[in-house]
Every structure is written in C-alpha cells, then in structure tokens.
Amino acid sequence: MKKIVMIQRAACFSPGSVEKDWAILHAVGERLRQRGKEVCYVPETLLTDDMTAEVFLSMGRLTHTLEYLQRQHDSLVINTTESIQRTSRIFLDTLMREKGIPVAPRDGDCGYWIKRSEVGPHKMDDVVYAEDAQTCADYVRRMQQQGSKVLVTAHVRGAHVKFYRVRGTDFFFWLFPEPGPHIPFDAEALRRDADIVAEAIGIQVYGGDCIVREDGSYVIIDFNDWPSFASCREEAASAIASLV
C-alpha cells in the first residue's frame, strides 16, 4: 500500500486561513483514503527527519520542511521545494515580464502597491497601498530597513478575479470575489498564461489574482502555491488527488 504524508502549513503562513487550508488538505487526503491509500497528516512544525513516504503532498513553507522534502529523491513531492522557492514576488514578476505575461505596470496615475518579496511568514504590512510616489518611497525604505526585498507596481483599475488551478488536470476555476461590475474577459487566455508561469517554476497546485480592466484585458497581480480553494474545495480536492 502506498504511504502518503499530508503536510499541513504552519499557522504563520495562513493568517485567517488556518481552518480553510486544513480543509482542502483533509479533503484531498480523504479522497486518497477512499482509493485504499495509507494517509497520514502532520503539521510541518512536527515534521521529523525520520518520516518516510512514497508521496508527500505538502502545503509547507518552513525552511526545515523545504530542506527535508528536497532530500526525498525517491518520493513524489507536490508542490516541490524548488517550485516554492521560485514563488517570491520579485522572481515571479521578472519571469512574467520576460515571458510576456500581462502584469501590472511599474508606473501609473492612481497609486502604488508595495509588496514584500520573500517567501516567509506573513506580516501585517506585507502588502500596502500608497496614494503617491513619496508615500510609496517611505514604505519601500521602511521595508528595506527591516531586511525585506520589495516589489512595487502601479495600481490597476478594474475588477478583481481570483483563480485556482491544478496543472496536469482539467481543473481551472475562477470567480469575482467582490460585488460590483463583472467585466467579461478571456478566461482561457488567463489559464494559458497561468500555466506558462506554473510550468516555468515547476508548480502543480496553485492559484492567484488578476485585475480585469474595463476593456477586458487583464494583469496578473499575485500567484500563490497551494491556496485554500475555499470556493471550489470539493472539485479541487478530486483534481489534486488525481495527481497521485
């Protein structure tokens, strides 16, 4: 019987989403149990070096977790350490620009978003908005003094869209999470663009955010490893389980 270890993300990476993150991990594990697999769950804070498995399905981001999974050369690991390490905001922004994926411009006329880039525990001010260039510069300086690398992009007017994907399956889900005008856009083009990014960094279970402008064009503003899939948990769980 194939042993599968499900690694739960540390709470510091899931502010306000601990229960939702656990729910998708548990839903995937239970589908695998129904298929006769041996499944166990472990918080990444309790992961030990002597734990072995043929498959690791991991939401973990702690340095110890990533280093441990990197050593599991004979196991299937989803998502891989290498792919998680490539999800820093600066790396992804640079990658998307190089590949011609639509992203927010550097400059604009309606404010700026300042984002910490490192893959690490979330802070209250990880992402902040500045109305003008001087306020933006103040935020950047403050974050840099705290040791952070910083990504700055212009604010883009439009409708917010969240998207979820399990690469290697047919699963792709998107929604407008807030009330307001829902602008038509090419969702299939968004899926293709997201897959280009995912394939480049080697990630399989991911999600993100984009802004759809009034003319239907969009820009990707965020890209995340293994989100909670709260709006589409059951369908996503079946898709993720099918990767094993």
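Restricted to segment 191-233, and to residues there that are among the hydrophobic types (A, V, I, L, M, F, W, C) and in contact with a Ser or Thr (Cβ under 6 Å, 6 or more places away or on another chain), the residue that is surrounded by the most Cβ atoms within 10 Å (Cβ to Cβ) is ILE203.
Scanning segment 5-29 for residues that are under 16 Å from ALA236 (Cα atoms) and in contact (Cβ under 8 Å) with a residue 60 or more places away in the chain gives LYS20, ASP21, ALA23, ILE24, ALA27, VAL28.
When GLY108 is tested against the conditions (1) open to solvent by less than 60 Å² (accessible area, probe 1.4 Å); (2) within 24 Å of PHE13 (Cα to Cα); (3) in contact (Cβ under 8 Å) with a residue 40 or more places away in the chain; (4) out of contact with any Cys (no Cβ under 8 Å at 6 or more places or on another chain), the lone failure is (2). Between SER217, SER242, the distinction of being hydroxyl-bearing (Ser, Thr, Tyr), touching a residue at least 24 places away in the same chain (Cβ under 8 Å) and either farther than 19 Å from ALA104 by Cβ or in contact with a Leu (Cβ under 9 Å, 6 or more places away or on another chain) (or both) belongs to SER242 only.
Can you tell me which residue in segment 69-103 is nearest to LEU190 (Cα to Cα), limited to those that are free of Cβ contacts under 8 Å to residues at least 24 places away in the same chain and assigned to a loop (DSSP other than H, G, I, E, B)? Checked segment 69-103; the qualifying residue nearest to LEU190 (Cα to Cα) is GLY100.
Annotation: GLY180 fulfils all but one of (1) open to solvent by 60 Å² or more (accessible area, probe 1.4 Å); (2) modelled with pLDDT under 95; (3) not acidic (Asp, Glu); the unmet one is (1). Selection within segment 50-68: residues that are in contact (Cβ under 8 Å) with a residue 24 or more places away in the chain and within 17 Å of VAL119 (Cα to Cα). The member of this set that is most open to solvent (accessible area, probe 1.4 Å) is LEU62.
For segment 199-244, residues that are over 29 Å from GLU38 (Cα atoms) and among the small types (Gly, Ala, Ser) total 4. Among the residues of segment 128-170, those that are within 23 Å of ARG61 (Cα to Cα), open to solvent by 60 Å² or more (accessible area, probe 1.4 Å) and of a type outside the set (Gly, Ala, Ser) comprise GLN144, GLN146, LYS149. All conditions but one from (1) in contact (Cβ under 8 Å) with a residue 24 or more places away in the chain; (2) touching a strand residue (DSSP E or B) at 6+ places or on another chain (Cβ under 8 Å) apply to ILE196; the one that does not is (2).
The values are calculated or read from the model by the stated rules, or taken from the named source; none is laboratory data. Here the structure is a predicted model, which means the values were calculated and not measured. All Cβ positions, even for glycine, are placed from backbone atoms using ideal geometry, and neighbour counts span all protein chains on display. The protein model used for the area step is the full one, side chains on, heavy atoms only, and it has no ligands, DNA or RNA in it. Shrake-Rupley method; radii C 1.70, N 1.55, O 1.52, S 1.80 Å.
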